[in-house]
Amino acid sequence: MFQAGGKLKKVDVNGGPAVTLTDAPNLRGATWNRDGVIVFAPNRLEALRRVAAEGGPSIPATKLAKGQITHRAPWFLPDGRHFLFAST
C-alpha cells in the first residue's frame, strides 16, 4: 500500500494497476491486518482512520484527546486486533 495523488492505494502482489482505497491527502503511516483492515493516518493533524482492504469510505479509528494534535504511525500488534500509534 502507498499514497499517491492524495489517495491511499494498493497494488496486487501478482501485478496489475494500482487500486484507490480512500482519501489520504498527506499519509503519515498505515498498517494492514490479516482480516483486511487498514488503519492509517490520513494527514499530519488528525486522528487515525480505518478502511477495508477492498476500499471505500474510511471511518474513525481513534479520537484525539484534549491537548493532542495528531495520531500517526499505526502498527498492528501480533493479535491483529490491537494497534500502537504515536500521539503528540
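The values are calculated or read from the model by the stated rules, or taken from the named source; none is laboratory data. If you're wondering where the values come from, they're calculated on a predicted model, not measured in any experiment. Methodologically, a virtual Cβ is constructed for each residue, glycine included, from the backbone with ideal geometry; neighbour enumeration extends over all protein chains shown.
Taking the condition surrounded by 13 or more Cβ atoms within 10 Å (Cβ to Cβ) and either touching a residue at least 40 places away in the same chain (Cβ under 8 Å) or of a type in the set (A, V, I, L, M, F, W, C) (or both), does residue 21 pass? Break it down stepwise before answering.
Values: surrounded by 13 or more Cβ atoms within 10 Å (Cβ to Cβ): yes; either touching a residue at least 40 places away in the same chain (Cβ under 8 Å) or of a type in the set (A, V, I, L, M, F, W, C) (or both): yes.
It is true that residue 21 is surrounded by 13 or more Cβ atoms within 10 Å (Cβ to Cβ) and either touching a residue at least 40 places away in the same chain (Cβ under 8 Å) or of a type in the set (A, V, I, L, M, F, W, C) (or both).
Restricted to strands (runs of 3 or more DSSP E) entirely inside the range 36-88, those with at least 2 residues that are surrounded by 12 or more Cβ atoms within 10 Å (Cβ to Cβ) and aliphatic (A, V, I, L, M) are 37-40, 49-52. The single residue among 64, 77, 45, 84 that is over 21 Å from residue 9 (Cβ atoms), among the hydrophobic types (A, V, I, L, M, F, W, C), more than 9 Å from the chain's Cα centre (by Cα) and at pLDDT below 95 turns out to be 45.
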